[in-house]
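Engineer: Here's a structure for you.
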Amino acid sequence: MAQEDKAKKVKAEKAKESALTYDLSGGDVRPNVKKVKAKITEKSQKGKMQKKVKSPKKESTDFEIADDKRIKEEANDGDFMPEKKGKKRKRKLESVEGPSSSTALSLPKKKKKKASQEGDESFGPEKRKKKAEAKNKKVKKEEEEHPVAVKTKKTKKTKEEIEAARALKIKKKEEEEQQRWRWWEEEKYADGIKWKFLEHNGPYFPPEYQPLPDNVKFYYDGKPVKLSLAAEEVALFFAQMLDHEYTTKDVFRDNFFADWRKEMTLEERMLITDLNKCDFGELHAMHRERVEARKNMSKEEKLVIKEANQKILEEYGYCMLDKHRERIGNFKIEPPALFRGRGEHPKQGMLKKRIQPEDVIINCSRDSRIPVPPAGHSWKEVRHDDTVTWLASWTENIQGSCKYVMLNANSKLKGEKDWEKYEVARKLKTCVDAIRAQYQQDLKSKQMGIRQRAVALYFIDKLALRAGNEKEEGETADTVGCCSLRVEHITLHDTLGGDKCVVEFDFLGKDCIRYYNKVPVSKRVFKNLKLFMQNKQETDDLFDRLNTALLNKHLSSLMPGLTAKVFRTYNASMTLQQQLKELSNPSDNQVEKLLSYNRANRAVAVLCNHQRAPPKTFEQSMANLQAKIESRKEQLALAKKELKQAKKEAKANSDNKLLAVVEKKKKAVQRCEEQLLRMEVQATDREENKQIALSTSKLNYLDPRISVAWCKNMEVSLDKIYNKTQRDKFAWAIDMTELDFLF
DNA sequence: GCAGATACTTAGCATTGGTATT
DNA sequence: AATACCAATGCTAAGTATCTGC
């Protein structure tokens with residue numbers, strides 16, 4: 001209790017220093033919510049914690065058109081009636097009005113890649129090359145000098161050894177840097193061609209199932225039953241999950257049981273007809289023992305395993321792509337298992353089957369060494385398609401969708417695409433004002449389809465909602481995005497908490513993450529929403545004349561390469577840039593700067609609704625940290641007292657020795673204060689991060705060049721922001737970004 | 001124009017493994 | 001050396017968007 005109070009106090013103090021709330025308004029950045037504050041509420045049925053975004057107090061309206069009077073219920077095209085839903089929740093859209101062909105923005109439709117290349121001069125290798133080379137040399141020089149200088153000082157052997165290790169590390173780093181494929185300095189391939197040469201060893205298959213030892217038995221109706229190999233394997237999948245909540249759900253159990261029975265012999269199937277009579281106890285116990293044993297393995301045993309894994313990685317984890325060795329992302333075929341969908345997935349518990357080489361398509365160069373299938377097997381197909389990036393693919397049996405083996409995020413293929421993504425988003429900056437003006441205009445359109453498109457776009461832009469493709473009902477959990485919102489997902493409030501025209505959103509989005517938000521909107525949007533909801537059932541689509549294909553078709557007519565998801569990238573990166581500018585100060589110390597960075601990152605995560613379950617050990621670890629802070633405080637008090645005493649004595653008789661003591665004590669106090677600050681900041685940071693996930697936005701939405709430039713400007717080491725993997729992924733950005741980069 | 005197929009990005013959770021602490 | 005902790009990594013599901021064939 002006392003600790004909690006103190007924690008709160010610390011937090012409050014910190015908040016005073018630098019704004020605790022995220023002010024997302026202002027500038028040319030999305031005039032979104034002012035003061036977004038994460039709040040915790042109870043989540044829906046799943047019992048998961050969810051984050052609530054407090055309703056914005058005020059709305060800045062710099063891209064809204066104030067005059068709203070004109071919009072009357074001047075009805076539309078006359079035939080406005082909600083569409084009946086088919087089984088699949090897929091709508092037929094009557095051949096829609098020709099696009100209100102439009103705006104000065106309209107550009108001839110062109111191939112996306114081409115356009116983005118032409119559009120931005122910084123998206124090309126030539127100019128960067130020289131600068132980059134020069135920079136590289138400089139870095140190397142500095143690194144060479146450093147360890148030598150330090151080494152001479154050290155006297156102890158161990159310290160020398162540490163230095164040697166450090167030097168080795170630097171050397172390794174340097175070597176790695178030299179090996180790096182600087183693809184961003186090369187010419188790009190012709191449209192659609194992804195590689196000229198591709199060679200690899202095929203995917204790695206999981207080991208065969210090992211039958212149970214004889215002393216571990218499965219019981220049915222109290223009697224031991226020796227299962228066939230296939231049935232036993234699947235039984236073990238279930239037994240392994242017994243600790244998990246999944247196995248208590250009816251859907252999961254039913255799906256599992258149905259699929260399990262398919263694996264059984266006729267005899268077994270006759271016998272085993274009720275899952276409740278199955279006793280997996282011994283199987284479960286065995287599994288737990290194995291897990292335990294694994295944990296308790298000796299160092300040597302662990303090393304053996306590690307080396308074996310290393311060997312697999314060496315053999316299957318890399319490929320040759322255009323003369324360069326590239327790391328493969330997911331070279332291991334997914335092992336068989338029980339399907340674990342997210343949320344209330346209708347297919348949870350079904351058996352995800354073992355993939356055989358006969359199921360796998362290999363893609364590689366015609367003139368490469370074709371991968372050899374495991375002994376006694378053959379590939380489904382070997383093809384040589386240089387317009388795709390995958391090395392192998394197979395069809396998964398749950399949804400019937402395709403799975404791919406692709407390269408690691410640090411590869412050229414992924415990096416180039418990523419770079420391009422941010423360039424498209426940056427291009428949106430040049431026309432976003434016109435697009436916003438356009439959809440404000442479209443809110444008044446006589447055609448219902450266009451109005452719906454305008455409102456949807458408004459949501460996507462303002463709230464960073466996802467596009468919302470249609471999904472087949474019964475195949476997946478019931479989740480929605482913007483275009484697939486249903487009437488039941490929003491509530492309109494004429495006034496709410498002092499705001500007018502408030503829309504309350506409450507729906508499950510991707511991964512069944514709840515989106516809950518109360519947003520004041522313009523009168524015009526509000527009236528449109530009322531109109532869209534007229535004469536509809538709760539389960540009817542809000543935008544019955546719109547789907548993602550139509551929306552994206554419209555968007556690509558406004559700017560080549562523009563799709564709904566570009567707005568998320570654009571608004572995320574803009575928010576980061578603007579928040580960094582607002583929150584961070586060059587005169588702050590390193591710790592404060594990093595807190596600011598995290599807060600800017602957090603603002604984006606809140607915007608994009610990136611949530612996580614609070615870590616299981618959260619409360620405990622917070623308490624631990626708090627305790628540490630307390631003890632440090634005591635230390636500080638003590639150090640201060642000693643300093644005071646020392647000063648007193650020094651004053652009494654000014655002795656050089658005593659003065660030295662004063663200095664020493666001063667330093668101790670200072671160090672203590674620094675450490676205390678660091679811990680307090682850490683506590684604040686962690687608390688604010690309790691159920692917000694920063695990594696998704698960092699990895700997928702934030703132009704790395706913003707962060708690189710910020711680090712350079714603020715003189716913060718980049719590895720405080722990006723770990724090794726992230727630095728590898730963003731190598732292109734790290735290499736090319738100058739101090740003056742602006743998204 | 002549409003449905004299904006295809007290819008690729010985005011997502012959160014589980015496990016691992018390295019480091020600090022005892 | 002054992003343990004605790006948390007960051008990094010691995011995994012694979014779930015999205016977006018485009019392509020293809022009628």
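Engineer: List, please: which pairs have Cβ atoms under 6 Å, are six or more places apart or on different chains, and start with a residue in the range A:676-698 that is within 9 Å of A:GLN611 (Cα to Cα) and end with one that is open to solvent by less than 30 Å² (accessible area, probe 1.4 Å) and in a loop (DSSP other than H, G, I, E, B)?
Structural biologist: A:ALA693/A:HIS610
Engineer: Only one of (1) surrounded by fewer than 16 Cβ atoms within 10 Å (Cβ to Cβ); (2) modelled with pLDDT under 85 is not met by A:LYS644, so which one is it?
Structural biologist: Just one mismatch for A:LYS644, condition (2).
Engineer: Return yes or no: is A:ALA731 crowded, with 17+ Cβ neighbours inside 10 Å and either away from DNA strand B (no atom under 16 Å from the Cβ) or of a type in the set (S, T, N, Q) (or both)?
Structural biologist: no
Engineer: Here is a check on your reading of the model: is A:ARG354 part of a loop (DSSP other than H, G, I, E, B), more than 14 Å from DNA strand C (Cβ to nearest atom) and at pLDDT 95 or above?
Structural biologist: Numbers: part of a loop (DSSP other than H, G, I, E, B): yes; more than 14 Å from DNA strand C (Cβ to nearest atom): no; at pLDDT 95 or above: yes.
It is false that A:ARG354 is part of a loop (DSSP other than H, G, I, E, B), more than 14 Å from DNA strand C (Cβ to nearest atom) and at pLDDT 95 or above.
Engineer: Could you look through the range A:687-722, keep only residues that are basic (Lys, Arg) and surrounded by fewer than 20 Cβ atoms within 10 Å (Cβ to Cβ), and pick out the one that is nearest to DNA strand C (Cβ to nearest atom)?
Structural biologist: Across the range A:687-722, the extreme among qualifying residues is A:LYS720.
Engineer: Against the definition (outside any strand (DSSP E or B), within 25 Å of the chain's Cα centre (by Cα) and not polar (S, T, N, Q)), how does A:ARG366 come out, yes or no?
Structural biologist: No, not satisfied.
Engineer: Would you point out the residue of the range A:491-520, among those that are crowded, with 19+ Cβ neighbours inside 10 Å and aliphatic (A, V, I, L, M), that is nearest to DNA strand B (Cβ to nearest atom)?
Structural biologist: Per the stated criteria, the residue is A:ILE513.
Engineer: I need every pair where a residue in the range A:711-729 that is on the phi < 0 side of the Ramachandran plot has its Cβ under 7 Å from the Cβ of a residue that is surrounded by fewer than 15 Cβ atoms within 10 Å (Cβ to Cβ) and not in a loop (DSSP other than H, G, I, E, B), sequence separation at least 6 or different chains.
Structural biologist: Hits for this filter: A:VAL716/A:GLN590; A:ARG727/A:ASP719.
Conditions (1) surrounded by 13 or more Cβ atoms within 10 Å (Cβ to Cβ); (2) at pLDDT below 75; (3) among the basic types (Lys, Arg), marked per residue:
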| position | (1), (2), (3) |
| --- | --- |
| A:LYS153 | no, yes, yes |
| A:GLU187 | no, no, no |
| A:GLY192 | no, no, no |
| A:HIS200 | yes, no, no |
| A:PRO203 | yes, no, no |
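Engineer: Another question, if that's okay. Of all residues in the range A:250-273, count the ones that are more than 18 Å from A:PRO211 (Cα to Cα), open to solvent by less than 50 Å² (accessible area, probe 1.4 Å) and not in a helix (DSSP H, G or I).
Structural biologist: 1
Engineer: Follow-up question, since we're still on this one. Hey, can you tell me all the residues within the range A:274-284 that are free of Cβ contacts under 8 Å to residues at least 40 places away in the same chain and either in contact with a Leu (Cβ under 7 Å, 6 or more places away or on another chain) or surrounded by 11 or more Cβ atoms within 10 Å (Cβ to Cβ) (or both)?
Structural biologist: Selection gives A:LEU275 alone.
Engineer: Open to solvent by 40 Å² or more (accessible area, probe 1.4 Å), in a helix (DSSP H, G or I) and of a type outside the set (Ser, Thr, Tyr): does that describe A:LEU555?
Structural biologist: For A:LEU555, the condition - open to solvent by 40 Å² or more (accessible area, probe 1.4 Å), in a helix (DSSP H, G or I) and of a type outside the set (Ser, Thr, Tyr) - is not met.
Engineer: Do we find that A:LYS628 is modelled with pLDDT under 80 and either part of a helix (DSSP H, G or I) or of a type in the set (Val, Ile, Thr) (or both) in this structure? Spell out the reasoning first.
Structural biologist: On the way: modelled with pLDDT under 80: no; either part of a helix (DSSP H, G or I) or of a type in the set (Val, Ile, Thr) (or both): yes.
Answer is no for this residue.
Engineer: Here is a further query. Look through A:VAL604, A:VAL566 and report the one residue that is among the β-branched types (Val, Ile, Thr), at pLDDT 95 or above and open to solvent by 10 Å² or more (accessible area, probe 1.4 Å).
Structural biologist: Values: A:VAL604 fails: open to solvent by 10 Å² or more (accessible area, probe 1.4 Å).
Result of the check over A:VAL604, A:VAL566: A:VAL566.
Engineer: Just to check your reading of the model, which residue among A:LYS565, A:LYS500, A:LYS510 is more than 29 Å from A:VAL424 (Cβ to Cβ) and either among the basic types (Lys, Arg) or free of Cβ contacts under 8 Å to residues at least 24 places away in the same chain (or both)? Give the steps one after another, and end with the answer.
Structural biologist: Details: A:LYS565 fails: more than 29 Å from A:VAL424 (Cβ to Cβ); A:LYS510 fails: more than 29 Å from A:VAL424 (Cβ to Cβ).
One residue alone meets the criteria, A:LYS500.
Engineer: Would you pick out the residues in the range A:439-483 that are closer than 30 Å to A:ASN397 by Cβ and open to solvent by 20 Å² or more (accessible area, probe 1.4 Å)?
Structural biologist: A:ARG466, A:ALA467, A:ASN469, A:GLU470, A:LYS471, A:GLU472, A:GLU473, A:GLY474, A:GLU475, A:THR476, A:ASP478, A:THR479
Engineer: I would also like to ask the following. Working only within the range A:532-547, note down all residues that are within 15 Å of A:LEU485 (Cβ to Cβ), open to solvent by 20 Å² or more (accessible area, probe 1.4 Å) and not charged (D, E, K, R).
Structural biologist: Matches in the range A:532-547: A:MET533, A:GLN537, A:THR539, A:ASN547.
Engineer: Output yes when any residue across the range A:517-530 is within 24 Å of the chain's Cα centre (by Cα), over 20 Å from A:LEU546 (Cα atoms), within 16 Å of DNA strand C (Cβ to nearest atom) and touching a residue at least 60 places away in the same chain (Cβ under 8 Å), and no when none is.
Structural biologist: No, every residue in the range A:517-530 fails to be within 24 Å of the chain's Cα centre (by Cα), over 20 Å from A:LEU546 (Cα atoms), within 16 Å of DNA strand C (Cβ to nearest atom) and touching a residue at least 60 places away in the same chain (Cβ under 8 Å).
Engineer: Can you tell me how many residues in the range A:434-487 are away from DNA strand B (no atom under 16 Å from the Cβ), part of a loop (DSSP other than H, G, I, E, B) and among the β-branched types (Val, Ile, Thr)?
Structural biologist: Residues in the range A:434-487 being away from DNA strand B (no atom under 16 Å from the Cβ), part of a loop (DSSP other than H, G, I, E, B) and among the β-branched types (Val, Ile, Thr): 0 in total.
Engineer: It is to be established whether one or more residues within the range A:706-723 are of a type in the set (Gly, Ala, Ser) and assigned to a loop (DSSP other than H, G, I, E, B). Before the answer, list the steps.
Structural biologist: As a first pass, look at the range A:706-723 and keep what is of a type in the set (Gly, Ala, Ser): A:707, A:709, A:717.
Now narrow it down to the ones that are assigned to a loop (DSSP other than H, G, I, E, B): A:717.
Within the range A:706-723, one or more residues are of a type in the set (Gly, Ala, Ser) and assigned to a loop (DSSP other than H, G, I, E, B).
Engineer: Criterion first (surrounded by 20 or more Cβ atoms within 10 Å (Cβ to Cβ) and either assigned to a strand (DSSP E or B) or aliphatic (A, V, I, L, M) (or both)) does A:ILE398 satisfy it?
Structural biologist: no
Engineer: Also, I was wondering about something else. Being in a loop (DSSP other than H, G, I, E, B), free of Cβ contacts under 8 Å to residues at least 40 places away in the same chain and surrounded by fewer than 18 Cβ atoms within 10 Å (Cβ to Cβ) narrows it down to one of A:PRO207, A:PRO224, so name that one.
Structural biologist: None of the other options fit; the residue is A:PRO207.
Engineer: Same structure again: Please find, among A:ALA605, A:ALA613, the residue that is closer than 30 Å to A:GLN577 by Cβ, within 16 Å of DNA strand C (Cβ to nearest atom) and either basic (Lys, Arg) or not in a helix (DSSP H, G or I) (or both). Full working, then the answer.
Structural biologist: Numbers: A:ALA605 fails: either basic (Lys, Arg) or not in a helix (DSSP H, G or I) (or both).
After ruling out the rest, the residue left standing is A:ALA613.
Engineer: Only one of these is open to solvent by 60 Å² or more (accessible area, probe 1.4 Å) and within 30 Å of A:GLY415 (Cβ to Cβ): A:ARG325, A:ARG288, A:ARG294. Name it.
Structural biologist: Exactly one of A:ARG325, A:ARG288, A:ARG294 is open to solvent by 60 Å² or more (accessible area, probe 1.4 Å) and within 30 Å of A:GLY415 (Cβ to Cβ), namely A:ARG325.
Engineer: Hey, another quick one. Select from the range A:378-417 the residues that are farther than 23 Å from A:LYS332 by Cβ and either touching a helix residue (DSSP H, G or I) at 6+ places or on another chain (Cβ under 7 Å) or in contact (Cβ under 8 Å) with a residue 24 or more places away in the chain (or both) and list them in ascending order.
Structural biologist: Our first condition is that a residue be farther than 23 Å from A:LYS332 by Cβ; within the range A:378-417, this holds for A:384, A:386-387, A:416.
The answer is A:ASP386, A:THR387, A:GLU416.
Engineer: Name every residue in the range A:404-425 that is more than 15 Å from A:TYR318 (Cβ to Cβ) and surrounded by 17 or more Cβ atoms within 10 Å (Cβ to Cβ), in order of residue number.
Structural biologist: A:GLY415, A:GLU416, A:ASP418, A:TRP419, A:GLU420, A:LYS421, A:TYR422, A:GLU423, A:VAL424, A:ALA425
The values are calculated or read from the model by the stated rules, or taken from the named source; none is laboratory data. What you see is a predicted model, and the numbers here were worked out from it, not measured in a lab. In this analysis, Cβ positions are derived from the backbone assuming ideal geometry, glycine residues included, and neighbour counts consider all displayed protein chains. Calculation scope for accessible area: heavy atoms of the full protein, side chains included, ligands and nucleic acids excluded. Shrake-Rupley method; radii C 1.70, N 1.55, O 1.52, S 1.80 Å.
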